[in-house]
Every structure is written in structure tokens, then in C-alpha cells.
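Asks: Encoded as C-alpha cells, here's the structure I'll be asking about.
The values are calculated or read from the model by the stated rules, or taken from the named source; none is laboratory data. All of these numbers come straight from a predicted model, not from anything done at the bench. Because the Cβ atoms are built from the backbone with ideal geometry, glycine has one as well, and the counts that use them run over all protein chains shown.
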Amino acid sequence: MYRFLLTPRWWGINVFVVLAIPFCIFMGSWQLGRFEDRVQDHETASTQQESAAREAARPLTGMLPVDKATVGKQTTVSGHYEDQLLVPERKLDDREGFYVLTLLRTDAGQALPVVRGWLPGDPDPAKAPAPPTGEVTVTGALQAAESPGSNGVSGRSGWPEGQTGAISAATLLNLVPYDVYDAWVTLNAGDSGMRAVPVSAPQNSGLDLKAFQNLGYTAEWFAFVGFVIFMWFRLLRREVELTRDAELGLVTEDAETRVNPGSTGGAEGGRRADEAEAEAELTS
């Protein structure tokens, strides 16, 4: 009854099933591992932020370049404020507002972007408090350069004069006539009555949309394993039923041909031979 499993058609079906199941299991496990890694990174980032707030501030030069080990750490640097820019489309507690970003020019000649605080509403230079004059020493959390279009950063371009969409050396170098550190600092306490900007988690370390996409892909791959197995058993059951019916003579010629190729051709040839023999008898 199961001789049909040795036909070329079923060889192809079986090979596909044997290859598809382990492939889907591998892909599902890989996507699940990606999700678990993001969960672990999220927990690690949260722990680092809590411990970093209790650590003593360290000089900026010893903490560059910014990486996962130094992001969120407390740093201190001295210099004098120069250019001030506004960073629009930044939310805080689900309220739309903007950052007040001021470039702190250090003795080394480079400038460090310092987010002095957040204000609600549309960006307006008249609302932004003027920075302190003279030599200042700032202390805050070190942050990595932002990338447009990620982590809530706007991907727009062509901002009005005095505004920038992302805080990074790549964007600020076109706006100021001096070198800029590829990092920035958010003050622990908002300056001049502004609200302090919370520390941002490192990119690709939070439970964001990408993390839950990995979880969704995991479910899809494992669901496909079940679908492949279900379809194989369904085809097998149908083929067994057709084979049994063919043995009992309960199937049409088309069905019998699919189950037992060549059987229909023989029946048709026999029928034509009988018809020819009957015709010969009538004419004789």
C-alpha cells in the first residue's frame, strides 16, 4: 500500500520535508537567541545606568571613544560655552518639546555638545536660556553620538538655522567652525530651570520594535515546522486512501492514473481492442 512512497514525486516531497524541518528549527532558534540577547543587553544597560549614577565623575579624555562600557557613565569637563542649538521633536513624559544644546569649547580646542535641558513646545530661541559665561565645569552622563532615524531621533534633513536633528559630530561639524567630540553629555540637573534629559540607553540594547520582531519571527519559523509536518501527514493520508480505493476499484481513471501511473493507458487500450473486435464481428 505504501509503495507510492518510492515514486519520484514522493521522493521530492520527502526530501523537502527532511530539509525544511531542521532549517526552520535553526532559524527559529537563531531568532530566539537574538531576542534573548536584546533582553540581556536591556538588563545590562539598566544595571549600568543605576551603578553609573552612583560612581564618581571621571575626566572626559579618559572615557573616549564612547562604547557600551562607558555610555551613561558620569564625566566632568571644563571649558566655556559658545554656540547654542535647539534639537526639536524630542519627547519627555509623552510631551513634545526640544533640547537646548550648547557647545562647550575645551582647552584642547574641541567642543563637547552639552544638553543643558528640555523645554516643552515648539523650538524657539527666545525660550532657551542663555548659557553661563566664562569658565565652567560641567558634570553629566556621557552619551554616544546619535544616528538619524533610530532611537527616536528624527530622520529629517534641512532643519532651520540654529537647529539640528541629531547630536553627533557628523551633523554638528557642518554647523560650527571647530572640531566636535563624537559624544555628548546630558547634565544631571537641568540648567536655568529647564528639565534634565534622562540618560538614553545604547542603541540596539533595549526592548524596542526590533526585539519583538525577533520574537515574532521565532513564532513564525516554529509554526512553519508544524505546518510542514501537518501537510505531509495530510498528503500521506490522502494518498493512502486513494491507493485503497484503487485496489477496491472505487476510483475514477484519473485518480487511478495518479496513484498507479500507466494503469489508465492499459485500460484504454483494452477497451479499444474490444471495440475493434466487436466491429469486425458485425461486418463479417
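Asks: I need the full set of residues from region 208-230 which are of a type in the set (Gly, Ala, Ser) and either closer than 12 Å to ILE25 by Cβ or surrounded by fewer than 16 Cβ atoms within 10 Å (Cβ to Cβ) (or both), in order please.
Replies: Restricting attention to region 208-230, the residues satisfying the condition of being of a type in the set (Gly, Ala, Ser) are 211, 216, 219, 223, 226.
Passing the criteria: GLY216, ALA219, ALA223, GLY226.
Asks: Hey, can you tell me all the residues within region 125-144 that are assigned to a loop (DSSP other than H, G, I, E, B) and within 25 Å of ARG95 (Cβ to Cβ)? Don't jump to the end; show me each part of the working.
Replies: Start the filter on region 125-144 by keeping residues that are assigned to a loop (DSSP other than H, G, I, E, B), which leaves 125-135.
Matches in region 125-144: PRO125, ALA126, LYS127, ALA128, PRO129, ALA130, PRO131.
Asks: Applying the selection to region 54-93, what residues are without any contact (Cβ under 8 Å) to a residue 24 or more places away in the chain and closer than 18 Å to GLY117 by Cβ?
Replies: ASP93
Asks: In region 124-149, how many are under 18 Å from THR186 (Cβ atoms) and small (Gly, Ala, Ser)? Quick ask: steps written out before the conclusion?
Replies: Our first condition is that a residue be under 18 Å from THR186 (Cβ atoms); within region 124-149, this holds for 128-129, 131-132, 136-147.
Now narrow it down to the ones that are small (Gly, Ala, Ser): 128, 140-141, 144-145, 147.
Total satisfying the criteria: 6.
Asks: If a residue must be farther than 15 Å from THR106 by Cβ, loosely packed, with under 15 Cβ neighbours inside 10 Å and in contact (Cβ under 8 Å) with a residue 40 or more places away in the chain, how many such residues does region 133-149 contain?
Replies: Within region 133-149, residues that are farther than 15 Å from THR106 by Cβ, loosely packed, with under 15 Cβ neighbours inside 10 Å and in contact (Cβ under 8 Å) with a residue 40 or more places away in the chain number 2.
Asks: Among the residues of region 19-32, which ones are loosely packed, with under 12 Cβ neighbours inside 10 Å and not aromatic (Phe, Trp, Tyr)? Spell out how you get there, then give the answer.
Replies: Kept after step one, since they are loosely packed, with under 12 Cβ neighbours inside 10 Å, are these residues of region 19-32: 19, 22, 26.
Once the filter is applied, which keeps residues that are loosely packed, with under 12 Cβ neighbours inside 10 Å and not aromatic (Phe, Trp, Tyr), region 19-32 yields LEU19, PRO22.
Asks: Could you please let me know if PRO160 is more than 20 Å from ARG116 (Cα to Cα) and in a loop (DSSP other than H, G, I, E, B)? Spell out how you get there, then give the answer.
Replies: Details: more than 20 Å from ARG116 (Cα to Cα): yes; in a loop (DSSP other than H, G, I, E, B): yes.
Taking the combined requirement at face value, the residue satisfies it.
Asks: Name the pairs whose Cβ atoms lie under 7 Å apart, with the first residue in region 101-123 and more than 16 Å from THR171 (Cβ to Cβ) and among the basic types (Lys, Arg), the second modelled with pLDDT of 90 or more and part of a strand (DSSP E or B), and 6 or more positions between them or separate chains?
Replies: These pairs meet every condition: ARG105/GLY79; ARG105/HIS80; ARG105/GLU82; ARG105/ALA111; ARG116/VAL100; ARG116/THR102; ARG116/LEU187.
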